[in-house]
Amino acid sequence: MSDKSAHDKSVEKSISISANETENSTGDVRSNCQGVVPLSSRLEPWMLRLCKGTQLGSLVQEYGSPLNILNDRAFRRNIARLYQVAESQQLHFDLFFARKSNKCLAFLDVIRELGSGVDVASEPELLQTLKKGITGNRIVCTAAVKSPQLLDVCIENNVTIVIDNPDELRIAAYIACQKNQVAQIALRASEFEHEGTTLESRFGFPISMLRNHFYQLMKQEHVSAAVKLVGVQFHLDGSCVEERVSAIRELLPLIDHWRTEGHPIQFLDIGGGFPMSYLEDRHQWSSFWMEHARALMGQRSPVTYQNHGLGLIAVNEQIYGQRNCYPCWQSPVQGEWFEQLLDSQCGLNTVADAIKKRNLELRCEPGRSLLDGCGMTVARVEYRKQRTNGDWLIGLSMNQTQCRTSSDDFLVDPLLIQSQVTESSQSLARKRPPMEGYLVGAYCTESELLALRKFRFPRGISVGDHIVFPNTAGYLMHFRESRSHQFPLAKNIFLNESQNTIELDEIDRS
Ligand SMILES: *Cc1c(COP(=O)(O)O)cnc(C)c1O
């Protein structure tokens, strides 16, 4: 856009990060709201400063509730760390940020500046990325379903298409032929053998199929002429290092073989799933699940709404099922996890050596873990009411889809920011008695809870206070957001720390 700089000026505004911002202790901010079994969030300094300042309320007033506030400093740090790890192994390495984990366009500016790549999952994501000046050779398209239009844009711009199935391959090849161009593709492989079982997946080509029918696949009409196989990709659910090692061990000999058949395979892409932690303390994490199990067995009061199991169920004093929640505390994470993967044994070599000695480029597509520390979601308290059982329901201007993934719950304790008060502590204590209960949202269903966990507000909670959901940039703020009841979507603003300004993300300007 030619008028970009003028436009930027009008949306950028100065804010004063004022008040008691200097002190760096987190105790105060967290103590106003905790789970009845606490799960205390990791917080970035910029989040703490905003929460301890005085301007959160006016920002929500101006942009609406809920409001997503973001910052790219941790994004840069998280990316740099992965390059560092690869560099220390002298690996030919590249990173493609999985855009679907957050829709804000400001992250693309950082990617372009750093020279990293982008993994796109839809045509709008691709068009926006190209428009941002990121060239096609810095983009991979992993969309789960690809329309002919999407394939066309990919081929036109030299975007590497990660092919999921035979139809997609055939159609991409046909379109490339029609355009008299060549489609750059990577094959997505799945259903690897791991510890005696098959890693089930709905994505990609079963590796057994690639092993047995690769030739027929690549020799089809159009395919041999209009398709260039430049890479092999997989993306596994979860974050298990050993599963990824199994996948790499199965793929490397196939890559060797396909190269001898003349396919110019340059890279192995290991997808995303790099783990991160939301919590500071592993003991809180284990205590929570212990207490939750006791609650499910009727040995203590519930820690979740109506004793929701979060994937678990108690039968005869036994707990069954699997936690349907992101592992909010885990180790190793991020760079350390990546190191562990590269140092894993792969035949007689380490994974890093096996890749290096083949002159392969190692690629990855992390989303969530790059956004660790990059965002938080703020909503205003609109009502409180007490149920007959004594539990309080706290109503926020926000709905469930604005802080959710496909899991049962986001298990991290939110922060409670009290509205500015001038009254004496005595009358305050009278007006703000300690309360316990649940955060509920704006969609008209009985199940519309913003969090399933029960919270304690030792200094009460009032209309006009704000609840902050920390560390929501990866998936939580955008992946499921919907406009049911025609509520507008939450606005997204970036905090520029060095200039002390706030800027509306381009995704919200049109
Ligand atoms: C979602 C996705 C990613 C990103 O996964 P994270 O868990 O956010 O790192 C990468 N690649 C593909 C193909 C995906 O579908």
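In segment 98-123, how many are within 16 Å of the ligand (Cβ to nearest atom) and either open to solvent by less than 40 Å² (accessible area, probe 1.4 Å) or free of Cβ contacts under 8 Å to residues at least 40 places away in the same chain (or both)?
16
With the requirement that a residue be at pLDDT 95 or above, part of a loop (DSSP other than H, G, I, E, B), in contact with a Lys or Arg (Cβ under 9 Å, 6 or more places away or on another chain) and open to solvent by 10 Å² or more (accessible area, probe 1.4 Å), what does segment 476-510 give you?
Those that are at pLDDT 95 or above, part of a loop (DSSP other than H, G, I, E, B), in contact with a Lys or Arg (Cβ under 9 Å, 6 or more places away or on another chain) and open to solvent by 10 Å² or more (accessible area, probe 1.4 Å): 478, 479, 480, 481, 489.
Filter segment 317-351 down to the residues that are surrounded by 13 or more Cβ atoms within 10 Å (Cβ to Cβ) and of a type in the set (S, T, N, Q) and list them by number.
Matches in segment 317-351: 324, 330, 334, 340, 344, 349, 350.
Conditions first: (1) surrounded by 15 or more Cβ atoms within 10 Å (Cβ to Cβ); (2) within 30 Å of residue 492 (Cβ to Cβ). Residue 293 passes all but one, so which condition is the exception?
The number of the failed condition is (2).
Among the residues of segment 458-475, which ones are open to solvent by less than 10 Å² (accessible area, probe 1.4 Å) and either within 16 Å of the ligand (Cβ to nearest atom) or part of a loop (DSSP other than H, G, I, E, B) (or both)?
Going through segment 458-475, the residues open to solvent by less than 10 Å² (accessible area, probe 1.4 Å) turn out to be 460-461, 465, 467-474.
Across segment 458-475, the qualifying residues are 460, 461, 465, 471, 472, 473, 474.
Considering each of 354, 314 in turn, give the residue that is open to solvent by 10 Å² or more (accessible area, probe 1.4 Å), touching a strand residue (DSSP E or B) at 6+ places or on another chain (Cβ under 8 Å) and either more than 17 Å from residue 248 (Cβ to Cβ) or assigned by TED's automatic domain parsing to the domain that holds residue 248 (or both).
Details: 354 fails: open to solvent by 10 Å² or more (accessible area, probe 1.4 Å).
It is 314.
When the residues of segment 424-449 are narrowed to those that are open to solvent by 80 Å² or more (accessible area, probe 1.4 Å) and modelled with pLDDT under 75, which ends up farthest from the chain's Cα centre (by Cα)?
By that ranking, first place goes to 426.
Going by what's in this entry, would residue 155 be described as in contact with a Ser or Thr (Cβ under 9 Å, 6 or more places away or on another chain) and either closer than 18 Å to residue 174 by Cβ or away from the ligand (no atom under 12 Å from the Cβ) (or both)? Lay out the reasoning, then the answer.
Values: in contact with a Ser or Thr (Cβ under 9 Å, 6 or more places away or on another chain): no; either closer than 18 Å to residue 174 by Cβ or away from the ligand (no atom under 12 Å from the Cβ) (or both): yes.
Judged against the criteria, residue 155 is not a match.
Listed residues 190, 208, 224; which is in contact with a helix residue (DSSP H, G or I) (Cβ under 9 Å, 6 or more places away or on another chain), among the small types (Gly, Ala, Ser) and open to solvent by 10 Å² or more (accessible area, probe 1.4 Å)?
On the way: 190 fails: open to solvent by 10 Å² or more (accessible area, probe 1.4 Å); 208 fails: in contact with a helix residue (DSSP H, G or I) (Cβ under 9 Å, 6 or more places away or on another chain).
Only one candidate qualifies: 224.
Restricting to segment 401-413, and then to whatever is of a type in the set (S, T, N, Q) and modelled with pLDDT under 95, can you tell me which residue is surrounded by the most Cβ atoms within 10 Å (Cβ to Cβ)? Reasoning before the result, please.
Taking segment 401-413 and keeping what is of a type in the set (S, T, N, Q), we get 401-402, 405-407.
Narrowing the set further to residues that are modelled with pLDDT under 95 leaves 405-407.
Numbers: 405: 17, 406: 9, 407: 15.
It comes out as 405.
Looking only at segment 134-152, count how many residues are farther than 14 Å from residue 171 by Cα and within 16 Å of the ligand (Cβ to nearest atom).
As a first pass, look at segment 134-152 and keep what is farther than 14 Å from residue 171 by Cα: 134-144.
With the extra rule that they be within 16 Å of the ligand (Cβ to nearest atom), the set shrinks to 138-144.
Counting residues in segment 134-152 that are farther than 14 Å from residue 171 by Cα and within 16 Å of the ligand (Cβ to nearest atom) gives 7.
The values are calculated or read from the model by the stated rules, or taken from the named source; none is laboratory data. The shown structure was predicted, so the numbers you read here are calculated from the model rather than taken from an experiment. Backbone-built Cβ (ideal geometry, glycine too); neighbour counts: all protein chains shown. Just the protein is used for accessible areas: all its heavy atoms, side chains included, with ligands, DNA and RNA removed. Shrake-Rupley method; radii C 1.70, N 1.55, O 1.52, S 1.80 Å.
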